[in-house]
Amino acid sequence: MGGVLGVSVGAGFVRLARPLKGSGGFGDTAVGDSAVFEHQAIEVAGQVPEVLAAQVVGVVLADRAESGSATGVAITYRDEAQAAAIDAALSRQGVDHFLLVPELTAVLEQLHRSGVVAEYRTLVLYDVGSSGLMISVVERLTGVVAASERIDFLRGGDPGGHPRETFDGITVPAIEESVCLVAELIEQSGRSADALVLLGGGAVHPTLRDALHGSLGLPVVTPPNPELVAAHGAALLARPPASPAATARGGRSAPATARRLRSASSTRARRTVSRRQIVGAVLAGAALVVIAAIGIGLGYGDSIFGQVQVPPTSLPAGP
């Protein structure tokens, strides 16, 4: 039986997620808070994030192939340079069936499927990750980014049971500066924002939530497991590979190639990413050595993942 795997590639963590059957994955019409994902976060710990992600995906796919289960993979990318790096790293691992998804597209997919922003049209995405803060003013239904900016003075790590970076940047002056930036971007966008959505490992910090809630006069929404939203969205967008039986019934299959989703807001010229035909999902021996050396401690199969199901939280607009 086939399945899907979503992967987000951050500066501090590579995160994997896969929906349980019947809880809202590809081909499943379930939408809402009942969706359940198995997940894992792997600390980058000085490695190249794109290479680490490809190595871990290779391990998972090799194990699934040995058990007779094909898995479709969707991996998020931040920009064209990262997309090219992920593509090259996966090619070196012999991974053939995968979909590269803009991080924003994955985030919006998960937010839509969870229903936590259904009543809002224009969102401010406030994403505090290991490498800094990304603020984007986005039209929810179209995915168009009206304004965005990245800064590095506000950072956050993983709030779960995995290693977490110290929240060094969380100071009142830094938060106040980010609030000013949010206001500037909303004005620059020419739109009226309906809600602010907290994302990333730093989203659970109470100082941050309280400051944003009190300063902007917007509803502040914290989705379930904000650090996993991109990985969850990627899993929802992944396409299971065609089964051998289906291929036999339908005749000769098309060549295996990687595919790309495009961000709705992107208008600049795109650099072509290589597309190779590769046989099988194979893990290079060198990758095993690297993974063992950094102490990921991954088991094979279902032991890699833990389950997560947390209800969303939100704060109403300030007075």
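All of the numbers you see were taken from the coordinates with simple rules; none came from a lab. Everything numeric here is computed off the predicted structure, so don't read it as measured data. Backbone-built Cβ (ideal geometry, glycine too); neighbour counts: all protein chains shown.
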Quiz item: When Glu80, Glu50 are ordered from fewest to most other Cβ atoms inside 10 Å of their Cβ, what list results?
Solution: Glu80, Glu50
Quiz item: If we count other beta carbons within 10 Å of each Cβ, what is the order of Thr122, Thr76, fewest first?
Solution: Thr122, Thr76
Quiz item: With θ set to phi - 60° and the Karplus curve 6.51 cos²θ - 1.76 cosθ + 1.60, what are the ³J(HN,Hα) couplings of the range 146-152 in order, to the nearest whole Hz, using x for Gly and Pro?
Solution: 7, 6, 7, 7, 10, 10, 10
Self-check item: Charge dipole (debye, nearest 20) of the range 46-148; +1 at Cβ of Lys and Arg, -1 at Cβ of Asp and Glu
Solution: 160 debye
Practice problem: Please list the non-local residues whose amide H lies under 5 Å from the amide H of Ala146, H modeled 1.01 Å from N, same-chain partners needing a gap of 5 or more. | Solution: Val137, Val138, Glu139
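Arranged from highest to lowest average of other beta-carbon atoms within 10 Å per residue, in what order do the peptides 59-66, 114-121, 37-44 appear? Spell out each step's value before the answer.
On the way: 59-66: 19.4, 114-121: 16.8, 37-44: 21.9.
For the peptides 59-66, 114-121, 37-44, the packing ranking is 37-44, 59-66, 114-121.
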Quiz item: Once amide H atoms are placed 1.01 Å from N in the peptide plane, what residues at a sequence separation of 5 or more from Arg239, or on another chain, have their amide H within under 5 Å of its amide H?
Solution: Val73
Self-check item: Residue-wise HN-Hα coupling along the range 181-193, computed from phi with Karplus coefficients 6.51, -1.76, 1.60 (Hz; x: Gly, Pro)
Solution: 5, 4, 4, 5, 5, 4, 5, 4, 6, x, 10, 9, 5
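Can you tell me how the range 167-228 classifies by the Cα gyration tensor, rounded, prolate or oblate, using a/c under 1.5 as the rounded cut? If you can, show how the numbers build up before the last one.
Values: a/c = 1.91, a/b = 1.27, b/c = 1.50.
In terms of gyration-tensor shape, oblate.
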